[in-house]
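No lab work stands behind these numbers, since they all come straight from the coordinates. Just so you know, these numbers come straight off a predicted model, no measurement behind them. Cβ placement follows ideal geometry from the backbone for every residue including glycine, while neighbour counts extend to all protein chains displayed.
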Amino acid sequence: MKKAIFITLLLISVFAEAQIIRESELLRRMDKGAELMAKGQYDTAQVLFQSVLQNMDKLPSQVAYYFGRNSFHLGKYKQSINWLNKYIQLKGTKGRYYEPAITYLQYAEDEYLKIQRSQAKQFREDLEDANYDCGGLEKMLCPVCHGSGVVVQAGIFDEVYKTCPYSLGEGYLSCEEYNLFMRGDLDAKVGN
């Protein structure tokens, strides 16, 4: 009985020591990643940080800062924003890296907004150039009234039926009107 307890305690001790060694190795990787990041070796640092994130049970708060800052340098702005915000949430204004986290967070948000604006502009340009192929049909089903010519709206007591402002009760749009509608350029009062 005593031998079984001794063996159990020995195994627990060995396991705990292995866990401590593993954790210290992961902390060493994190520190090495921070050094590499400071030297501008962002891709290599990213690999080390990801290894820490995937293998460490309890993450130190500074790994959120390191990963967020490094993500900014790799052009992963949304990821950078998320991790830097996480660091600020964890440490608040008293955190060791609070000031640089705020600075890099602003940089990442600015870059992310530039990308979003550029994508929105490209989408609008693509939409302006796009024409739906009506397949030789002269008239298309109106996307607002779905061909009924009537738009149903909830009123105070009952439903209110109104003539469709785009198809003017017809339920159909010409191919040209349909394309204008899909681009957001068809005036509701104009419908022919």
Between the stretch 94-134 and the stretch 144-192, the Cα center-to-center distance that results, in Å: 34 Å
Amide H neighbours of Tyr172 under 5 Å, at least 5 residues apart or on other chains, H built in the peptide plane: list them. Cys142
Rg to Rh for the stretch 26-77: what is it, with Cα atoms only and Rh by Kirkwood? 0.93
Compute the distribution of all C-alpha to C-alpha distances in the stretch 139-183, in bins of 10 Å from 0, and list the percent of pairs in each, rounded to whole numbers. 33, 44, 18, 5
For a 24 Å ceiling on Cα separation, which of these pairs sit above it: Lys139/Lys162; Lys58/Lys114; Lys78/Lys121; Lys91/Lys114? Lys58/Lys114; Lys91/Lys114
Testing the spin-label approximation: label points 7 Å from Cα along Cα→Cβ at Leu74 and Gln116. State their distance in nm. 2.2 nm
